[in-house]
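The values are calculated or read from the model by the stated rules, or taken from the named source; none is laboratory data. Note that this is a predicted model, so its numbers are computed, not measured. Quick reminder, even Gly has a Cβ in these numbers, built from the backbone with ideal geometry, and neighbours come from all protein chains shown. Protein only, heavy atoms only, side chains kept; ligands, DNA and RNA dropped before computing areas. Shrake-Rupley method; radii C 1.70, N 1.55, O 1.52, S 1.80 Å.
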Amino acid sequence: MLNKGDYVQVLDEDEEGIVINIAGNEVTIETKDGFVLNYTTCELLKINKEDEVDFKSASNRGAVEDALQEKVGPIKRSFVKEKRSRKDEFVLEVDLHIEKLTKDYRRMEKHDMLTLQLDAARGQLEFAIRNRIPRIVFIHGVGEGVLKAELEFLFSRYSEVVAEDANYQKYGMGATQIYIKQNPNR
């Protein structure tokens, strides 16, 4: 049972504070940083003010862990572990917008801008192939589609490259993702 003035900790967050209002199942707390936040009673754990300083004490930690376990329930374990290298998680992002490549783009002709963008893409692609980086995302923007078409032509000239539209939720329509097939005989 919580009362005004009780010191509480939020179970799922790294937040604690003093209860300033209780309205039914909703509890309003003021954090140490002065923020006023609302939680339900089942999201809060009452702790002694003295324990705030020594929060890592075994008895208090056990109470928090028990409350968290009760809320979460049993943890399902998976015994099949997938080995993934850190290299597989890394995705090289290359922004081909002209303003990202040069400061003097206002003086350039459209053909020169396109050439600069394609040279940058080719350089980054060859860098990734040399360094065995498996994925690259080229951010080209939507525009009229000229750069995208030229990139598709460039990528088709590399047998080890597979191109597809990048994640729409992250990049929208203006990006292409490249997978580089890794040849172990290299």
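For the reader, a short list of remarks on this structure follows.
Yes/no matrix, rows are residues, columns are (1) more than 20 Å from Asp112 (Cα to Cα); (2) open to solvent by less than 80 Å² (accessible area, probe 1.4 Å); (3) assigned to a strand (DSSP E or B):
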site: Arg122; (1), (2), (3): no, yes, no
site: Ala128; (1), (2), (3): yes, yes, no
site: Ile133; (1), (2), (3): yes, yes, no
site: Ile136; (1), (2), (3): yes, yes, yes
site: Leu154; (1), (2), (3): no, yes, no
site: Val162; (1), (2), (3): yes, yes, yes
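- Residues that are part of a strand (DSSP E or B) and either touching a residue at least 24 places away in the same chain (Cβ under 8 Å) or acidic (Asp, Glu) (or both), drawn from region 1-18: Tyr7, Val8, Gln9, Val10, Glu16
- Residues located in region 164-186, provided they are under 17 Å from Asn131 (Cβ atoms), among the polar types (S, T, N, Q) and surrounded by 11 or more Cβ atoms within 10 Å (Cβ to Cβ): Gln182
- A count restricted to region 88-120 and to residues that are within 22 Å of the chain's Cα centre (by Cα) and loosely packed, with under 13 Cβ neighbours inside 10 Å stands at 3.
- You will find that of Gln182, Gln169, Gln177, the residue that is farther than 17 Å from Leu96 by Cα and within 23 Å of the chain's Cα centre (by Cα) is Gln169 and no other.
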